[in-house]
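Contents: one structure, followed by commentary.
The values are calculated or read from the model by the stated rules, or taken from the named source; none is laboratory data. In this text the structure is predicted, and so the values were computed from the model without any measurement. Note: ideal-geometry Cβ built from the backbone for every residue, glycine included; neighbour counts use all protein chains shown.
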Amino acid sequence: MLRFSILIWPLLFYAEPYLAQRKENAAYQQIRNQYAQMEPGDPAAFPYINLVLSLAKKEKNYAELAAGYRDALNFHNSIYDQLLYADSAIAAAHRSCDNGVIANAYMGRGIVHYSGLKDYQRALEDYLMAVDYVRSDEDPYLQYKLLYHFGVVKSYTGLHQDAAVNLEACADFFRKELQKEQPPNLLHNLRKGYYNSLHQLVTCYQQTGRDDKAARMIALAEKEIPDGPAFAVVRSCFLKSRGISEYRRGNSKASIYALNLALPELIRTGDFASVSVIYYYQGKNALALKRKEEAVSLFKKVDSVFQHHHFIFPELQHAYHYLIRDADKRSDSRDVSYYYEALRAAETVNHEDRHHLFARMRDAQHTDEKRSAENRFAVTLIALITVSVGAAAFTLEKLGKKNEPSLSDASAGDEAGTAKYEERQTSEPKWKLAADTREKIRRNLQKFEEDKAFLEPKVNLRKVARRVGTNANYLSTYLNTEKGVRFHRYLSELRISYIAAQLAEDPETLKKNTQELALLCGILSASNFLHLFAEIYGQPLSLYRERCQRKFEN
């Protein structure tokens, strides 16, 4: 089974035609042509991909290196190896200094988290990172691609109305692009973007009771989707949606037929979340047809998927309610206890996921609104300063030198003014840092990161504050409000990300022991290093080392 690659391939690959404003290098394109038509997960692509990577490293062409790593993850079946390649793509993208390439790399890793693991929290963090680089990018595709993924996250958190607004805009964009004359490969990719948007819209409509609108959209999509294996997954997704629509209409037999048609392809591609939805609605149909034993069996499959992947859509929790009632009727206290515990676990997962995602999106929205307001304020302020300076210059010219203060007076005035300014700044609430202060910290903190100064072992808040030209309170406030982290967490994430990138890029680093790795990134304690790596990177260092080693062996 090609686990996750087939799901991720269309999401990542159809971005390529829009991405670069730069000219394609003919040598790279000729190599890519050798594997462009291969099936996702085909290992025969790797000799050519390795050639792209070697050439890009030799030429220090980091944009092409990032593209090569993105290609590599598409042909790997292991989700964790895909994440390794996604990390490498991000590292290379940053060195390309191309905002579009960087945004695409972050979005690519977010797609791996979303499609392969249904890890919405990490996916959202990557999408938000991508947004920071898309702001100044003029590529409309990239913007609508991100808008689509934000719509998916909103839908999962239950904000279906907001999600529908995003997804309707995406569908409209792709529809208009399809009406233009496009080359065949671009036309194919735009269609997938369009149908993905429609499918997510159908989900939003069904969740908000707009079943007639959902049914019309399903019928339209099924009529338009091209035949052939390239659109097999998309067709199965709409068959799943049609099965849900027919169930809601009371047509159980039609629903079962559509769901059964959808199931094999979704199992083949490893889309466990959609498979779980199908089991749930097959169980609901079995109940409607008075086939209770079959319903119990299908609801148990829903539980099996949750136990294996630790993910379940909120609506599917109702399967546990029936399983508990059934076990209670059978007086099976063991099953009752088991399903109660499973239901509690499912509720906890969904509650924590939704709470985190909602809060994170709200914070991001507030930050964005704040930036917009600050930008408007800055424009107004610059205009006022310009007028004031012009008026002051005119006044001084008229008054001449007779009213010009002495040097000692001027110095005294400056000192008094500085003291008053510092007094104002000190008394100003931490959450109201001045715009110019924030910009200064942002700029200098970026240089601190680029210089890898965080690798120094005895770095602390005061030292970094001095380095970025501010005080500890202001730096702490900036990190809390702009990056959403405390100083020690910020420093730890920089260090762990650095060592993870080194391990993924440099075989010599893999040979170092734990203590050497800890010191290499500025952490004095090996045990603290291991704890931080597992916490921040989501997997033990030993597992990450093993996967990096396999990548180099390939």
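Some observations on this one:
- Checking each residue in the stretch 468-506 for being surrounded by fewer than 19 Cβ atoms within 10 Å (Cβ to Cβ), over 28 Å from the mean Cα position of the chain (by Cα) and assigned to a helix (DSSP H, G or I) picks out 472, 473.
- Some residue of the stretch 129-151 being part of a helix (DSSP H, G or I), modelled with pLDDT under 90 and of a type in the set (Val, Ile, Thr): yes
- Members of the stretch 152-171 found to be β-branched (Val, Ile, Thr) and assigned to a helix (DSSP H, G or I), listed by number: 152, 153, 165
- Inter-residue pairs, beta-carbon under 8 Å, first β-branched (Val, Ile, Thr) and in the stretch 461-485, second not in a helix (DSSP H, G or I), 6+ apart: 477/433; 481/433
- Test: residue in the stretch 101-112 that is in contact (Cβ under 8 Å) with a residue 12 or more places away in the chain, in the same structural domain as residue 74 (by TED's automatic domain parsing), on the phi < 0 side of the Ramachandran plot and not in a helix (DSSP H, G or I): no
- Hits in the stretch 435-447 (condition: touching a Leu at 6+ places or on another chain (Cβ under 9 Å) and surrounded by fewer than 17 Cβ atoms within 10 Å (Cβ to Cβ)): 435
- Looking only at residues in the stretch 68-95 that are of a type in the set (Gly, Ala, Ser) and modelled with pLDDT under 90, the one that is nearest to residue 30 (Cα to Cα) is 72.
- Taking the criterion of being among the aromatic types (Phe, Trp, Tyr) and under 27 Å from the mean Cα position of the chain (by Cα), the only residue of the stretch 292-310 that qualifies is 306.
- Flag for residue 197 being under 30 Å from residue 211 (Cα atoms) and of a type in the set (Ser, Thr, Tyr): yes
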